[in-house]
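> Please read through the structure below; I'll follow up with questions.
The values are calculated or read from the model by the stated rules, or taken from the named source; none is laboratory data. The structure displayed is predicted, hence computed values, not measured ones. Cβ coordinates were reconstructed from backbone atoms using ideal geometry, including for glycine residues, and neighbour counts include every protein chain displayed.
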Amino acid sequence: MKAERDEDFLEDRQENGVQTNHYSSLSPSTSPEDQDEPFSTYFEQKVHIPETGSQIFSFRKLWAFTGPGFLMSIAYLDPGNIESDLQSGAKAGFKLLWVLLGATIIGLLLQRLAARLGVVTGMHLAEVCNRQYPTVPRVILWLMVELAIIGSDMQEVIGCAIAFNLLSVGRIPLWAGVLITITDTFVFLFLDKYGLRKLEAFFGLLITIMAISFGYEYVVVKPDQGELLKGMFVPYCAGCGPVQLEQAVGIVGAVIMPHNIYLHSALVKSRDVDRNNKKDVKEANKYFFIESAIALFVSFLINVLLSPSLLKPFMIKPTWK
C-alpha cells in the first residue's frame, strides 16, 4: 500500500492522552521527559505559512516553504563534491556526468522521503529510529552516522586547508588553514541565533555566488556542448578503466550522504504545518518536494559547470609553479 494515499493520512485518535494520526505507527511516549521536544533552535522557530485560498499553486506558499531544501543542498556542493568534479573532469572528461545526474536523482528521492517523514510524523529520522528500534540497533545506527560525519568532515577540513594554502600562495600553512576552517565552522553554527530564515538566506547567497563564479568559468572555457550533453545523458564510458570506475564510485559517495537525510527530516519541522489537517500535510509535502527539486537542480547545474570548466587547466602545461 502506498504511504502517500490520502485516505491514510489523517485519522485522529487518542493514545495515553496524546493525539496521534493514523498514518503514523509510532507509539507515543508516556513519560513527560520523552514528550518534551529536544532542545534545538530550529525546533523552537516556526515559519508561518500564509493562507492562499483554494489555489492549486502559490508562489507565496512556495516562498514560505523555501529554505530547508537549500540548506540541505549545501551538502551537494561541499569541498568533497568540488574535488570529485575536478578529478572527474581531469580523468574522464565529460564521460561521467551521467553518473552525477543519476546520483543527484537518487539523492532527490531520498531527500523527498526524508522531508515527508518530518512533515507527516512531526519527528526527524533520529527520533523515529529512537522510537522504533531497541537499544543495540540504535547504538549501531548512531555509530554509523557518527563515522560517516567524521569521514566526511575530515576531507572537508583538509580540503579547505589546502584551498587556503593555494589561494594564499603558501602564506597560510596547512595547520593554520585547519584552524581557520574549524573557527568558521563554529561561526556558521552560531548564525542560527539570528533566526532560521536569515540562516537560510545566508546559505542561499553562498549558493548564488558559487553559481555565478562557476558559470563565468564555464563561459570562459567554452566546452564542447555536444560532448557535454552526450556525457550527461548517455550512460556509457568509452575507454574507461579502473581509474574512471573508482572516480564514478567517488561521485556517488560525494553526492549521497546519510547524515544529510537526518538533517533534512529535521529542517522541515521549522514550518508551521497542521499535521491533523490532510490538506495541509499534502500541501506541505508538495511544496517541500518542489523546493528540494529546485535546490538540487541548482546544485547539479553548479557541479556540471564546474567539471568542464576545470578540465582545460589539466590539459595544458602550467606556466607557474
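> Does Ser292 qualify as being within 30 Å of Gly93 (Cβ to Cβ), out of contact with any Pro (no Cβ under 6 Å at 6 or more places or on another chain), at pLDDT below 90 and surrounded by 23 or more Cβ atoms within 10 Å (Cβ to Cβ)? Walk me through how you get there before you give the answer.
Numbers: within 30 Å of Gly93 (Cβ to Cβ): yes; out of contact with any Pro (no Cβ under 6 Å at 6 or more places or on another chain): yes; at pLDDT below 90: no; surrounded by 23 or more Cβ atoms within 10 Å (Cβ to Cβ): yes.
Spelling it out, it is not the case that Ser292 is within 30 Å of Gly93 (Cβ to Cβ), out of contact with any Pro (no Cβ under 6 Å at 6 or more places or on another chain), at pLDDT below 90 and surrounded by 23 or more Cβ atoms within 10 Å (Cβ to Cβ).
> Considering only residues that are loosely packed, with under 12 Cβ neighbours inside 10 Å and in a helix (DSSP H, G or I), look in the range 229-245 and name the one that is modelled with the highest pLDDT.
Looking at residues that are loosely packed, with under 12 Cβ neighbours inside 10 Å and in a helix (DSSP H, G or I), I get Phe233.
> Then there is this: Could you check how many residues of the range 207-228 are among the polar types (S, T, N, Q) and either under 13 Å from Asp85 (Cβ atoms) or surrounded by 14 or more Cβ atoms within 10 Å (Cβ to Cβ) (or both)? Outline the logic, then answer.
First, pick out the residues of the range 207-228 that are among the polar types (S, T, N, Q): 208, 213, 225.
Going one step further and asking which of them are either under 13 Å from Asp85 (Cβ atoms) or surrounded by 14 or more Cβ atoms within 10 Å (Cβ to Cβ) (or both), we end up with 213.
Summing the residues that are among the polar types (S, T, N, Q) and either under 13 Å from Asp85 (Cβ atoms) or surrounded by 14 or more Cβ atoms within 10 Å (Cβ to Cβ) (or both) in the range 207-228 gives 1.
> Select from the range 58-108 the residues that are outside any helix (DSSP H, G or I) and either out of contact with any Ser or Thr (no Cβ under 6 Å at 6 or more places or on another chain) or over 22 Å from Phe288 (Cα atoms) (or both) and list them in ascending order.
Answer for the range 58-108, where residues must be outside any helix (DSSP H, G or I) and either out of contact with any Ser or Thr (no Cβ under 6 Å at 6 or more places or on another chain) or over 22 Å from Phe288 (Cα atoms) (or both): Thr66, Gly67, Asp78, Gly93, Phe94, Lys95, Leu96.
> Just need a number here: residues in the range 82-104 that are of a type outside the set (Val, Ile, Thr) and at pLDDT 85 or above.
Selection size over the range 82-104: 9.
> Additional query: Could you check the range 194-223 and list, in sequence order, the residues that are touching a residue at least 12 places away in the same chain (Cβ under 8 Å) and over 24 Å from Glu291 (Cβ atoms)?
Scanning the range 194-223 gives Glu217, Tyr218, Val220, Val221, Pro223.
> Give me the pairs: first residue in the range 48-64 and closer than 12 Å to Lys279 by Cβ and modelled with pLDDT of 85 or more, second residue aromatic (Phe, Trp, Tyr) and part of a loop (DSSP other than H, G, I, E, B), beta-carbon distance under 9 Å, and six or more apart or on different chains, which are they?
Cβ pairs passing all conditions: none.
> Name the residue that is surrounded by the most Cβ atoms within 10 Å (Cβ to Cβ), counting only residues in the range 131-189 that are under 20 Å from the mean Cα position of the chain (by Cα) and of a type in the set (Gly, Ala, Ser).
The residue in question is Ser152.
Per-residue answers, yes or no, for (1) more than 30 Å from Leu117 (Cα to Cα); (2) touching a Phe, Trp or Tyr at 6+ places or on another chain (Cβ under 7 Å):
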residue	(1), (2)
Tyr216	yes, no
Phe233	yes, yes
Cys240	yes, no
Gln244	yes, no
Val249	no, no
Met257	no, no
Val281	no, yes
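> Suppose we filter the range 171-196 for residues that are within 23 Å of Ile158 (Cβ to Cβ) and either part of a helix (DSSP H, G or I) or touching a strand residue (DSSP E or B) at 6+ places or on another chain (Cβ under 7 Å) (or both); how many remain?
Adding up the residues that qualify gives 16.
> Follow-up question, since we're still on this one. Scanning for something over 30 Å from Ala284 (Cβ atoms), part of a helix (DSSP H, G or I) and out of contact with any Phe, Trp or Tyr (no Cβ under 9 Å at 6 or more places or on another chain), does the range 127-136 turn up at least one residue?
Within the range 127-136, one or more residues are over 30 Å from Ala284 (Cβ atoms), part of a helix (DSSP H, G or I) and out of contact with any Phe, Trp or Tyr (no Cβ under 9 Å at 6 or more places or on another chain).
> Identify, by number, the condition in (1) more than 20 Å from the chain's Cα centre (by Cα); (2) without any contact (Cβ under 8 Å) to a residue 24 or more places away in the chain; (3) closer than 28 Å to Leu189 by Cα that Leu109 doesn't meet.
(1)
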